[in-house]
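Below you'll find the structure I mean.
Values quoted throughout were computed directly from the atomic coordinates according to the rules given, and no laboratory measurement underlies them. This one's a predicted model, so the numbers in the text were calculated from it and none came from an experiment. Don't worry about glycine lacking a Cβ; one is built from the backbone with ideal geometry, like all the others, and counts go over all protein chains shown.
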Amino acid sequence: MIFPRRMLSICLLLTLPLGAAPKTVKAPKPLRILILGGTGYLGPATIEAAQARGHQVTMFNRGKTRPELFPGVEKRHGDRDPKKDEGLKALETGTWDVVIDNSAYYPRMVKASAELLAPRVKQYILISSISAYKEPAPLGGAEGAALATMPDPTLETMGKNYEYYGALKALCEQAAEAAMPGRTTIVRPGYIVGPDDPSGRFTYWPVRFAKGGTVLVPGKPSDPTQIIDVRDLGRWLVKLAEDGTTGIFNACGPRKPLPWGRVIGACQEAAGVKTKVVWVPAEFVAKQEGLEFPIWAPGHGETEGSHTWSNARAIQAGLRFRPLEATVKDTLAWYRAQEKEEKGRTKLAGPSSEVEAKALEAWKAHKTQ
């Protein structure tokens, strides 16, 4: 059922070019939004979207990461772990319409915050991850796919190789729903990309093409890819809050299947530098020491379904995507600016130029055999 207050926004979205970011207008009813975290990556994008819509934001964090952000926003300091320092004491008073939890990593801590806030909030939006699903990922997997598990659910460690990250996210989801049954919204993003990304994963590609020369690209142009611009995700989280939408959603983009070759083409075009692309099969890449590439995964074998998650439910709930080319262009522009202003806060993922050059030579020798 579509409620009258949503009709206008839906009609506006339908008039936009496919993939275009909607024009921001003030929300008909300002909300009080509590952000748990808010200073990393998705947090700032969400706060900016909320402020643009006229909502009142409160941030809760330790006050250690980029404390200069959002000087006009109410800030409460403490720790997600109720056993550390002041813990959640700063959240013992106050009421909010919705909590957006984008710093949920351990179920004990999610349980503590959700139970404390349950009597004083209407909705709890928890940012989980596509990694919450059991591996290997199924082709076109939907929200009902099997979740990751771990031998000891009480462990509070990601594991040496982050092998427990997904299972812990799944347990965080369960903790939030147990504390606020029927009032939780679980959002499972895949790769979040765009300006301000501290991981350096997606950013590696436009920056690498901007350096010019011969670029080693793994896999095939037809390999599937799923990414979501952080600004689109932040805007959608605010929409979920405004609409009071609950349930579980895969927050992957774009709307239609995205071939890996199109991503590479967009990066090459945005860089505006003469480059030569050398496509190297996944099997050969896997045999080269230290040759690891971010974002991409082989479109066959155990990773065949990794970039094919269904986003139908999220799109039905209002998730929209800007053009890939805009994300690539903005990411490169941001990286160039922050290199000067922040002196390289973002360290790029991906192989070093030396490792790449060595692999290109090995591939060239392999082809002449």
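If you consider only alpha-carbon coordinates, what radius of gyration and Dmax does segment 41-85 have, in Å?
In Å, with Rg to one decimal and Dmax whole: 11.6, 36.
For the chain, take the longest principal axis of its alpha carbons; what is the angle in degrees between that and the long axis of helix 230-243, to the nearest 10 within 0 to 90?
30
LYS367 to ARG313: FRET efficiency via 1/(1 + (r/R0)^6), r the Cβ-Cβ distance, R0 56 Å, to the nearest 0.05?
According to the calculation, E is roughly 0.80.
Just grab the label-to-label distance for LYS256 and THR214, each label 7 Å out from Cα along the Cβ direction, in nm (one decimal).
The modelled label-to-label distance comes out at 3.5 nm.
Quick one: if the Förster radius is 56 Å, what FRET efficiency do SER222 and GLU115 give, using the C-beta to C-beta distance and rounding to 0.05?
The formula returns an efficiency of 0.75 here.
Follow-up. Which angle from 0 to 90°, rounded to the nearest 10, does the C-alpha axis of helix 107-117 make with the longest principal axis of the chain?
30
Ranked highest first by average number of other Cβ atoms within 10 Å, how do 225-236, 61-72 line up?
Ranked by mean Cβ neighbours within 10 Å, highest first: 225-236, 61-72.
Oh, and also: Could you calculate the contour length gain from ARG32 to GLU86, that is, 0.36 nm times the residue separation minus the distance between their Cα atoms, to one decimal place in nm?
Extra length from ARG32 to GLU86 when fully extended: 17.1 nm.
Further question: Any idea how far apart ARG336 and TRP279 come out in nm if each label point goes 7 Å out from Cα toward Cβ?
2.9
Sticking with this structure for a sec: Find how much the distance from LEU147 to LYS64 grows on full extension, using 0.36 nm per residue of separation minus their present alpha carbon separation; answer in nm with one decimal.
26.6 nm
Hey, another quick one. Along the principal axes of its C-alpha atoms, what lengths does segment 4-367 span, in descending order and rounded to whole Å?
Answer, in whole Å and largest first: 67, 50, 41 Å.
To continue, here is another question. Among VAL217, VAL99, VAL193, rank each residue by its count of other Cβ atoms within 10 Å, from fewest to most, as a rough exposure measure.
The order, fewest Cβ neighbours first, is VAL217, VAL193, VAL99.
Give me the one-decimal nm value for the distance between modelled label points at LYS134 and LYS160, 7 Å along each residue's Cα-to-Cβ direction.
So the two model labels end up 2.5 nm from each other.
May I ask you to compute the full-extension gain from ASP243 to GLU354, defined as 0.36 nm times their residue separation minus their alpha-carbon distance, rounded to one decimal in nm?
Gain on stretching ASP243 to GLU354: 34.9 nm.
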